[in-house]
Amino acid sequence: MNVLWDHGTGTVAEVKDRIRDELAYTTVLTILRTLEEKGFVDHEEEGRAYRYLPLVERVQARESHLNRLLRKLFADSPEELLTQLVSDRELQREDLERMRSLIEKRLG
C-alpha cells in the first residue's frame, strides 16, 4: 500500500521493484489481489498488465488497522497499547519526549 500511496499507482512489476523486501512477482500479485478483494485497491487494464490504484487513503487505513489491533490484541485498551509500545521498544529519549508532548497537547 505504501508504494501505491507514494506513487499513486503501480503495476505488479513496479510495486515489486519499489519494495525493500525480496518478494516473488507472484507473491506481490497475490498481495495486490487480496487488497483488491478487501476493497483497499482497484485496478485498470493497461495493455497486458493491470495498473493498481489505492481506494483508501493512508490515514483511513491506519485508523482502521490500529482499531483492529487495539481490539484484537489489547482488549480495546489504549493504555495497554501505549504501555507495550514504550516498554518493549528501544525508544530514544527524543521519541518519548515527542510522545509526551502529543499527550500533553491532547490533554489541553
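Quick notes on this one:
- Evaluating ARG62 against the criteria (1) in contact (Cβ under 8 Å) with a residue 12 or more places away in the chain; (2) within 15 Å of the chain's Cα centre (by Cα) leaves one unmet condition, (1).
- Residue tally, condition closer than 14 Å to ASN2 by Cβ and basic (Lys, Arg), over region 25-77: 2
- Residues that are surrounded by 11 or more Cβ atoms within 10 Å (Cβ to Cβ) and of a type in the set (A, V, I, L, M) were ranked within region 34-68; the one that is nearest to ALA13 (Cα to Cα) is ALA49.
- Scanning region 9-26 for residues that are more than 16 Å from the chain's Cα centre (by Cα) and without any contact (Cβ under 8 Å) to a residue 40 or more places away in the chain turns up ALA13, GLU14, LYS16, ASP17, GLU22, LEU23, ALA24, TYR25, THR26.
- Tallying residues that are aliphatic (A, V, I, L, M) and in contact with a helix residue (DSSP H, G or I) (Cβ under 6 Å, 6 or more places away or on another chain) within region 40-55 yields 1.
Read-outs: derived from the displayed coordinates by stated rules, not from any lab. Predicted, not measured: the structure shown is a model, and the values here were computed from it. No Cβ is skipped: glycine too gets one built from the backbone with ideal geometry, and neighbour counts run over all protein chains shown.
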